[in-house]
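Here is the structure we will look at, set down as structure tokens.
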Amino acid sequence: MYVTLSPGVGDEILSVTPVSERYLYWDGTEAKDNIVTRTGNAYRRVSELAGLKDENSNPLEFHSHMLRDSFAVWCFNQGLATEDVAALLGHRNITVTQQHYSPWISLRQTRLGAIMRTAYTQYRAEIPPLPAEIVTRLLLPERSLEQ
């Protein structure tokens with residue numbers, strides 16, 4: 001799976017001196033546990049340098065999934081379909097995306113509702129009035145019509 005990056009982000013990533021011919025950040029031999037430790041340490045350092053705080057002004061420990069979550073929410077706010085966001089996140093099943101990001105999907109639903117209300121105010125269909133006899137038949141239960 002590939003994701004198109006904005007030019008600025010791509011330039012920043014490519015400005016790094018590659019660790020190997022094939023990879024920017026991995027030499028191709030380092031064990032997975034070492035990579036996890038190394039990247040975890042890097043994110044902790046970013047947290048310290050940025051001085052990130054939560055809503056209660058407590059230190060916020062930055063981690064990689066925050067970037068993933070921010071990306072997913074950004075995608076929803078840009079109007080991408082859940083199926084597309086699922087594919088971009090590498091989810092094999094759309095249900096995973098719906099479960100993890102349902103609050104943001106409803107935010108998108110609210111935004112889409114506003115768009116639709118605007119569209120309805122701009123589109124006025126001419127609907128001829130129904131005769132009262134037909135309206136009465138449609139609205140009243142059948143037995144009241146028999147009386």
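Residues checked against (1) of a type in the set (D, E, K, R); (2) at pLDDT below 90; (3) touching a Ser or Thr at 6+ places or on another chain (Cβ under 7 Å):
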site: ASP33; (1), (2), (3): yes, no, no
site: THR37; (1), (2), (3): no, no, no
site: ASN41; (1), (2), (3): no, no, no
site: ARG45; (1), (2), (3): yes, yes, no
site: ALA50; (1), (2), (3): no, yes, no
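Does segment 66-77 contain any residue that is part of a loop (DSSP other than H, G, I, E, B), of a type in the set (Ser, Thr, Tyr) and loosely packed, with under 11 Cβ neighbours inside 10 Å? No: segment 66-77 contains no residue that is part of a loop (DSSP other than H, G, I, E, B), of a type in the set (Ser, Thr, Tyr) and loosely packed, with under 11 Cβ neighbours inside 10 Å. Residues in segment 100-123: is at least one at pLDDT 90 or above and not aliphatic (A, V, I, L, M)? There is at least one residue in segment 100-123 that is at pLDDT 90 or above and not aliphatic (A, V, I, L, M).
Does GLU21 meet the test of being in a loop (DSSP other than H, G, I, E, B), free of Cβ contacts under 8 Å to residues at least 60 places away in the same chain and surrounded by 11 or more Cβ atoms within 10 Å (Cβ to Cβ)? It is false that GLU21 is in a loop (DSSP other than H, G, I, E, B), free of Cβ contacts under 8 Å to residues at least 60 places away in the same chain and surrounded by 11 or more Cβ atoms within 10 Å (Cβ to Cβ). Inside segment 54-65, residues that are more than 22 Å from the chain's Cα centre (by Cα) and either assigned to a helix (DSSP H, G or I) or surrounded by fewer than 11 Cβ atoms within 10 Å (Cβ to Cβ) (or both) make up a count of 3.
Counted as qualifying within segment 81-143 are the helices (runs of 4 or more DSSP H) with 3 or more residues that are within 30 Å of ARG68 (Cβ to Cβ), namely 82-89, 94-122.
The values are calculated or read from the model by the stated rules, or taken from the named source; none is laboratory data. Note that the structure is predicted; figures quoted are calculated from it, not measured. Every residue, glycine as well, gets a Cβ built from its backbone with ideal geometry; the counts of neighbours run over all protein chains shown.
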